[in-house]
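Please read the structure below before turning to the comments.
Derivation of every value follows stated rules applied to the coordinates shown; laboratory data play no part. This structure is a prediction, so every number in the text was calculated from the model and none was measured. Every residue, glycine as well, gets a Cβ built from its backbone with ideal geometry; the counts of neighbours run over all protein chains shown.
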Amino acid sequence: MIILLTGGTGYIGSHTAIAAIAAGHQVVLYDNLSNSHAQVIEKMHTITHQKIPFVQGDVLNTELLYKTLVEYKIDAVIHLAGLKSVKDSSEYPINYYHNNVSGTISLLQAMSRAGVKKLVFSSSATVYGEPQYLPYDENHPTTPINVYGRTKLQIEEVLRDLVDSDSTWRILALRYFNPVGAHASGLIGENPQGIPNNLMPYVAQVAAKELPILHIFGDDYATKDGTGERDYIHVMDLAEGHTAAIDYLINHEGFRCINLGTGSAFSVLDLVKSFEHVLGSKIPYQISPRRHGDLPKYFADASLAHELLNWKAHRSLLDMCHTTWIFKKNSKKGS
Ligand code: NAD
Ligand code: UFG
């Protein structure tokens, strides 16, 4: 198949493109480079030994999307383009609704006109909100506690309504848990601008001595060691989940939401210990107050993905830390 990846030069998009090529697909990248760099495409060429077409454009540009879909004879779209900062989403809600929700509607209009009706959408575990039970399965109530999560939930609702109105559409919304790690080559990975909000890139910067100390946001939660617990998933496992989703769409109609997680929760201290093991030295940290809006613990029921997609995450927390560190060392050398 020929697959268009919106957000294709981003963290998850670049890894997903590589997994799709490894599975025998052709890919085209579409991105406005608002949160990524064109240099990643060169790295992707090195990894795949292939030239990967890239179109610089915004998903809000329906006309350019339509032309791209037609010109490259696209069969299916993986829609990863979006803004993802929980913090920014509460400061700039209109920006978030416009980019994420209106951007998806623009894509759907272009796809409809071009007759491309297979779509995999990047959703998030944040659609669930306060856990009423754990692990979250796909039937867990969806009451997101931040604007970012509400943009994802609204998009899921648009997608469900679309499939209800026209059964020739085939759409999967993949609810990611906490993607971390990097491609084993260490050539591509997560490279946030400024001070990272998320745990793994922050730990990597402390390990590289770019930041002095890790602040652990709370050690008095009702969790195994008092620190927050999450379902960290290796980005290459997540990427392979997308190719499994594309395979599923070839033979199945309708709309489904599917969790992509490992089904296990690790604490902040588990992750720090794992990283220290890879590093061979200590990560300095201090316990700081809880971060506003953080949930103590959540993780996926990953059984539906196994049942429907025949997919399971298999890479370990150690592998997530190891590849993060290889990428970090490589990008330091390059900078
Ligand atoms: P990322 O920021 O690295 O990648 C997103 C890409 O989309 C960037 O390259 C950015 O330039 C591009 N983009 C943003 N708005 C665009 C627009 N209007 N038009 C064209 N391109 C645009 O983020 P990521 O971590 O790779 O996330 C990819 C998707 O997965 C996002 O939709 C995100 O919400 C979702 N997601 C991410 C996580 C996570 O923890 N990383 C968790 C759950 C869901
Ligand atoms: N944490 C720290 N110190 C830090 C950063 C994080 O102690 O410097 C802790 C947090 O308190 C939390 C855990 O590490 O307990 C994980 O935090 P992250 O920020 O890495 O991840 P979150 O689970 O808070 O959020 C992520 C994405 C969101 C997404 C959500 C659900 O950032 O965009 O997962 O998928 F919505």
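For the chain, the orientation-averaged shadow of the C-alpha convex hull comes to 15.7 nm² (one quarter of the hull surface).
Candidates Y66, N330, Y92 compared by Cα position along the dipole of the chain: farthest toward the positive end lies N330, with charges placed on Cβ.
Under the membrane-span-like helix rule (DSSP H runs whose alpha carbons stretch at least 18 Å along the helix axis, mean Kyte-Doolittle hydropathy -1.0 or higher), the chain yields 147-165, 235-251, 317-334. Working from the Cα coordinates of the stretch 1-103, the gyration tensor eigenvalues give, after taking √(5λ), semi-axes of 24, 16, 11 Å in decreasing order. Across all directions, the average flat footprint of the convex hull enclosing the Cα atoms of the stretch 1-45 is 2.7 nm². For E229, the amide hydrogen comes within under 5 Å of the amide hydrogens of K297, Y298, counting only partners 5 or more places away or on other chains and with H modelled in the peptide plane.
Residues of the stretch 45-77 with an amide N closer than 20 Å to a point placed 7 Å from the Cα of K329 along the Cα-to-Cβ direction: 47. Expressed as a fraction of 2.2 N^0.38 Å, the C-alpha radius of gyration for the stretch 206-335 is 1.24.
Once you've got the GNM for the chain with C-alpha springs shorter than 10 Å, pick whichever of E91, E130, E138 has the biggest mean-square fluctuation. Among E91, E130, E138, the largest GNM mean-square fluctuation belongs to E91. Taking a straight line from the alpha carbon of K312, these aspartates and glutamates sit under 13 Å away, with near neighbours fewer than eight places off in the same chain left out: D237, E240, D301.
Convex hull volume of the C-alpha atoms in the stretch 282-335, normalised per residue: 187 Å³. Between the C-alpha center of the stretch 144-163 and that of the stretch 64-103 there is a gap of 13 Å. When the Cα gyration tensor is reduced to axis lengths a ≥ b ≥ c, the ratio a/c is 1.5 or higher for the stretch 45-95, and with a/b not above b/c it is classed as oblate. Annotation note: trypsin sites (Lys or Arg not before Pro) in the stretch 239-335 located in DSSP loop regions with a Cβ neighbour count of at most 16 within 10 Å are K282, R290, R291, K312. The stretch between R160 and H306 holds 50.4 nm of extra length on full extension. This uses 0.36 nm per residue minus the Cα-Cα distance. Under 18 Å from the 7 Å Cα→Cβ point of E130, by amide nitrogen: which residues of the stretch 279-316? Answer for the stretch 279-316: 291-299. What is the distance in Å between the Cα centroid of the stretch 174-249 and that of the stretch 45-59? Value for the Cα centre distance between the two parts: 24 Å. Taking the Cα centre as origin and putting +1 on Lys and Arg beta-carbons and -1 on Asp and Glu beta-carbons, what dipole magnitude results for the chain, to the nearest 20 debye? Taking the Cα centre of the chain as origin, the dipole is about 820 debye.
Across the options F54, Y148, T104, the greatest Cα extent toward the positive end of the charge dipole of the stretch 41-158 (unit charges at beta carbon of Lys, Arg, Asp, Glu) belongs to F54. Our summary gives the stretch 65-224 a relative contact order of 21 percent, counting only alpha carbon pairs under 8 angstrom and 6 or more residues apart.
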